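Here the structure is laid out as structure tokens; the discussion comes afterwards.
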Amino acid sequence: MGAPITVGVDGFAESPPAAHWAAREALLRDLRLRLIHAWNPPAHPAPVLPHEDDQCYWSQRLLTDLVGELRDTHPGLRVSAELVPRETVPALLDAARDAEMLVLGSRGRDTPGGFLLGSTGRRILAHGVHPVIVVHADDKPLTADVAVGVSLRQPNEEALRFAFDAAARRGGVLRAVHAGTNGPGDEAAAADEAEPGAEGALDAALRPWRERYPGVPVAEAFIAERPALGVVHTAPGSGLLVLGRDETEPDPVPHLGSVIHAAVHHAPCPVAVVPRG
């Protein structure tokens, strides 16, 4: 039996859309779905409310109701739920180590309050050891196509494998995007763009994966914009945007990079962040 797809669940409105996306993905991959709700026990016992059996009554009720909803909506889904009495970040990072991927919900783009992804999401994206998928509450209807951002300087092989595999499972087109500009303040992108034979470099990065997934149609695109803008602008029309993540140094304030940050906040579809192996 393969590793499950794990989804972090809390009591906010973004959890059900993330759980339903994860359920569809679990069925697509013939994997189990595991719901994790991290519950922080109070330091001092709270008064027992009427009809409460224990302090975690409402947390358990949240999971029970969502499991029932998922089973009704997705026949054949193998789903379990776990209430973890720990702080959210370590609980989800530990759960993600044994998962095929971890799915997180994010607020909708029209939600007042600015950032869509809180500190919990940023820390998990920065330190997850397996792919982490961010599903927004207002993501557009799914399509079969998959977009992947490709760096020509050092392609992320894990991100390319994930993207090709996702496109193959969905029966969609893989859109391989390299974005860069010679604008001031973007020396890394300028170096990428200035390299001779960029088309050949992109073809070379994709060739092993084309051979492994011969049935996946591939569309290559070069975008003359800063990477953070160019990758986001090519995401509309795709059901998933895949981005690679380099190793993240331990830091109280996680640094995700401009491309991932822009995608999580502006891409109109779920975003998969895949760490480099």
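Readers should treat all values here as calculations from the given coordinates under stated rules, not as data from a laboratory. Model, not experiment: these values are computed from the prediction. Counting neighbours? That spans all protein chains shown, and the Cβs are built from the backbone with ideal geometry, glycine included.
Quick rundown of the values:
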quantity	calculated
Three-way shape label, the range 120-159, alpha-carbon gyration tensor, a/c 1.5	oblate
Amide H contacts of residue 223 (H built 1.01 Å from N, under 5 Å, at least 5 apart or other chain)	178, 179, 180
Computed Kirkwood radius, in angstrom, where 1/r is averaged over Cα pairs of the range 207-277	13.8
FRET efficiency for residue 120 and residue 168, using Cβ-Cβ distance with R0 set to 41 Å, rounded to 0.05	0.80
Most to least packed among 226-234, 203-211 [average Cβ atoms within 10 Å]	226-234, 203-211
Label-point separation, residue 40 to residue 203 (7 Å along Cα→Cβ), nm	5.5
Pair residue 69, residue 211: separation of 7 Å Cα→Cβ label points (nm)	4.7
Ranked by how many other beta carbons lie within 10 Å on average, peptides 266-275, 21-30 from highest	266-275, 21-30
